[in-house]
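Heads up, the thing below is written out as structure tokens.
Every number here is computed from the coordinates shown, using simple stated rules; none is lab data. Since this is a predicted model, take the numbers as computed values, not measurements. Counting neighbours? That spans all protein chains shown, and the Cβs are built from the backbone with ideal geometry, glycine included.
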């Protein structure tokens, strides 16, 4: 086979099929494809390691499935610390045995990768819900209660309703659904990691729109967090309608 034909053939094959094809080609035609075999062997090893990582992150889900629980929702939030904008929570029910390569705590991922994963989670999830609590409510009831409100809203949006909640480092009172709080859960549970990505992307999109509405503050860049640039803008221009009054008193006099 000509090199161009080999390359075109490889495009239609997954990693394992490509390796089998190249090895057979080398054996039957003595084709000089050692470099391609090495490339796909490396790729296969990367996939093996990723599957092992995701399998480890599925410990809590597998344990629940073994106990007869079918619908497991991962819950996480984004926006606890910023000086402006809402807090957003997401709840995600993934199907048993799902594989989403690269899924991880949203803080470990680039913005581009989060967007890619958002689309894949949206497509593969059995159900997902989003809860949004704005900055005025945060000022009124405090951030902890606002996070819990957002999480409950996200859970209520799920269809079917979950039988178990895996929550990142939080416990929800007055919730009839069985729940488990997991410290650093966005790195230890695929369901919570999926919720982490959904919440972060949703909030970033909201802050990007606020950046267009209030261009003096640079919300597209820092998403409302207390960066030097953001604090400087607050001191120079004052606050805007989406700032959390309860957060910024230590930076400026109101």
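Can you tell me the 0 to 90 degree angle between the C-alpha axis of helix 190-213 and the longest principal axis of the chain, rounded to 10? Approximately 60 degrees, to the nearest 10. Judged by the mean number of other Cβ atoms found within 10 Å, the most tightly packed of the peptides 12-20, 48-56 leads the ranking 12-20, 48-56. Just want to confirm a number: the relative contact order over the chain, from Cα pairs under 8 angstrom separated by 6+ residues, in percent. Value for the chain: 23 percent. Taking all Cα-Cα distances within region 3-56, those exceeding 15 Å account for 49%.
Rounded if a/c is under 1.5, else prolate if a/b is larger than b/c, else oblate: which is region 64-208, with a ≥ b ≥ c the root eigenvalues of its Cα gyration tensor? Taking the square roots of the gyration eigenvalues as a ≥ b ≥ c, region 64-208 is oblate. If a/c stays under 1.5 just call it rounded; otherwise compare a/b with b/c (prolate if a/b is bigger, oblate if not). Do that for region 43-125, with a ≥ b ≥ c from the square roots of the Cα gyration tensor eigenvalues. Cα axes put region 43-125 in the oblate bin. Counting only alpha carbon atoms, the long axis of helix 111-124 and the longest principal axis of the chain meet at about 80°. If both residues of a DSSP beta bridge must be in the chain, then about 60% of such bridges are antiparallel. Relative contact order of region 64-208: 37 percent, from C-alpha pairs under 8 Å at least 6 residues apart in sequence. With axes computed from alpha carbons, what is the tilt in degrees of helix 15-29 against the longest principal axis of the chain, rounded to the nearest 10 within 0 to 90? Taking the Cα atoms of the chain, the angle to 15-29 is about 20 degrees. Taking the chain as a Gaussian network of alpha-carbon nodes connected by springs under 10 Å, the highest mean-square fluctuation of the residues 97, 85, 226 belongs to 97. Computed on the Cα atoms alone, the convex hull of the chain gives a volume of 157 cubic angstrom per residue.
Of the candidates 33, 98, 87, which one comes out as most mobile in a Gaussian network treatment of the chain with C-alpha springs shorter than 10 Å? Result: 33 has the largest fluctuation of those listed.
Comparing 68, 185, 224 in a Gaussian network model of the chain where C-alpha atoms under 10 Å apart are linked, the largest mean-square fluctuation is found at 68. Where both residues lie in region 64-208, what percent of DSSP beta bridges are antiparallel, nearest 5? Bridges in region 64-208 that DSSP calls antiparallel: roughly 60 percent.
Projecting label points 7 angstrom from Cα along Cα→Cβ for residue 35 and residue 6 puts them 1.0 nm apart.
Our Cα-only numbers for region 170-254 put the radius of gyration and Dmax at 16.8, 48 Å.
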